[in-house]
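S.K.: Before I ask anything, here is the structure I am working with.
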Amino acid sequence: MSDLENRLQAQLTAQALLIETLLDTMVSTGQLDPQALVWRLEQYLAAPKARFADPTAALAVSSEVEAWADMAYDRYSLATPG
């Protein structure tokens, strides 16, 4: 892996850790409803993507958004008992 790739991977990892910490803090203090967060992410996934967007890039973004929605759903125990 090149120095640039290592640096970018380090930045992405640090950003993900920061986002997860902020989410945890906001949920635990009642400033963020995790169910509403998951709903908004799902709305993004269901929305039609712009025609001019690169389909490969749009798919990659959708995949990442779906992963974040899944993480929030699992982390904040939004699964319905059953």
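S.K.: Go ahead and estimate [θ] at 222 nm for the chain from helices alone: -39,500 (n - 2.57) per DSSP H run with n ≥ 4, summed, over the residue count, rounded to 500.
M.R.: Theoretical 222 nm ellipticity from helices: -25000 deg cm²/dmol.
S.K.: Out of the trypsin sites (Lys or Arg not before Pro) in the range 1-79, which ones are loop residues according to DSSP with at most 12 other C-beta atoms within 10 Å?
M.R.: Counting only loop positions with at most 12 other Cβ atoms within 10 Å, the trypsin sites (Lys or Arg not before Pro) in the range 1-79 are Arg51.
S.K.: Over all directions, how big on average is the projection of the convex hull of the alpha-carbon atoms in the chain, in square nanometres?
M.R.: Mean orientational projected area (the chain, Cα hull): 7.5 nm².
S.K.: Which loop-located chymotrypsin sites (Phe, Trp or Tyr not before Pro) does the chain contain, where loop means any DSSP state but H, G, I, E or B and the Cβ has at most 13 other Cβ atoms within 10 Å?
M.R.: Here the chymotrypsin sites (Phe, Trp or Tyr not before Pro) that fit, given the DSSP loop and packing criteria, are Phe52.
S.K.: Let me ask something else. Treating only the Cβ of Lys, Arg, Asp and Glu as charged (+1, +1, -1, -1), what charge dipole size does the chain show about its Cα centre? Round to the nearest 20 debye.
M.R.: 240
Every read-out reported here was derived from the displayed coordinates using simple, explicitly stated rules and does not represent laboratory data. This structure is a prediction, so every number in the text was calculated from the model and none was measured. Ideal geometry is used to build each Cβ from the backbone, glycine not excepted, and the neighbour counts take in all protein chains shown.
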